[in-house]
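Chemist: A single structure is presented below for examination.
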Amino acid sequence: MAKLGSIGVILTISCLLASTLYVNARKQGLDIAEDFLDFPRKDFYLEKEKVVKFRVFVQDLSVNHPNTTTYDVAQASITATSPTGFGKVRVIDDLVTAQPNGNSRALGRLQGLLTRSDLTTLAISVNLNLYFSAGPYAGSIISLLGRNQIALAERELVVAGGTGVFRFARGYAIQKTNSTRTNVSVLEYNIYTTYNAKLNEVDEM
Ligand SMILES: *[C@@H]1O[C@H](CO)[C@@H](O)[C@H](O)[C@H]1NC(C)=O
Ligand SMILES: *[C@@H]1O[C@H](CO)[C@@H](O)[C@H](O)[C@H]1NC(C)=O
Ligand SMILES: *[C@@H]1O[C@H](CO)[C@@H](O)[C@H](O)[C@H]1NC(C)=O
């Protein structure tokens, strides 16, 4: 009987100890293995990551160009009377080249939406994918977001992420106008981004 009693005491103390440890672990934000029994997961870390700067040129043909690659898709009730064309949505699929000349090496396309989204200043919300179909990044995408205030000499956009060599990418892009002629603007994108992040599994404990 005395033996059973002492086993009971030991069990009680063990339970108290375990729950105290559990609460402490919780407080410290540590992972409780049983929390993940029905929620499998694996930890990874980024082993190596480089930063690159490169420049591409975008052949932006106006909607009036006979071979245009940009089309207006929608506008708002205010667009026609808005000083900034507020509410106009345009979709583009512009040729991306290695040099300003439209006949230079084709690297891919800049595709997505441009939305006039500032009531008082001429500014465009961009939602664009820079898709490489040739060159060193063929098959990879950089996703660009941001506010393009087109009257500025340099417009800064966000590199929000990417695919392929640009998985986990983050950075920024400086957009400048390289030249303009009838119905064609050649835009220069200087892109600063991380790339080549190698994903490694965290060793089992
Ligand atoms: C430029 O656009 C205008 C319409 O605004 C058109 O009449 C003209 O043919 C276009 N010129 C070229 C070279 O694209
Ligand atoms: C439009 O494309 C056609 C066919 O590629 C080409 O011959 C023509 O010169 C282009 N027009 C302009 C204004 O670039
Ligand atoms: C356009 O790009 C070329 C090639 O990089 C460069 O030499 C030239 O200075 C640029 N022009 C402008 C106005 O930025």
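Chemist: I need the semi-axes of the equivalent ellipsoid of the range 46-127: take the C-alpha gyration tensor, multiply each eigenvalue by 5, square-root it, list largest first in whole angstrom.
Modeler: Over the Cα atoms of the range 46-127, the semi-axes work out to 29, 19, 10 Å.
Chemist: Kindly identify the range 109-177 as rounded, prolate or oblate by the Cα gyration tensor criterion: order the square roots of the eigenvalues as a ≥ b ≥ c, call it rounded if a/c is under 1.5, otherwise compare a/b with b/c, prolate if a/b is larger, else oblate. Could you put the intermediate results ahead of the total?
Modeler: Numbers: a/c = 2.25, a/b = 2.19, b/c = 1.03.
Here the range 109-177 falls in the prolate category.
Chemist: Can you pull a Stokes-Einstein diffusion coefficient for the range 148-196 at 25 °C (0.890 mPa s), Rh from Kirkwood over Cα pairs, as a whole number of µm²/s?
Modeler: Once the numbers are plugged in, D ends up at 206 µm²/s.
Chemist: Expressed as a whole percent, how much of the Cα-Cα distance distribution for the range 45-196 exceeds 24 Å?
Modeler: 33
Each value in this text was obtained by applying a stated rule to the coordinates, not by laboratory testing. Just so we're clear, the structure is a prediction, and the values are computed from it rather than from any experiment.
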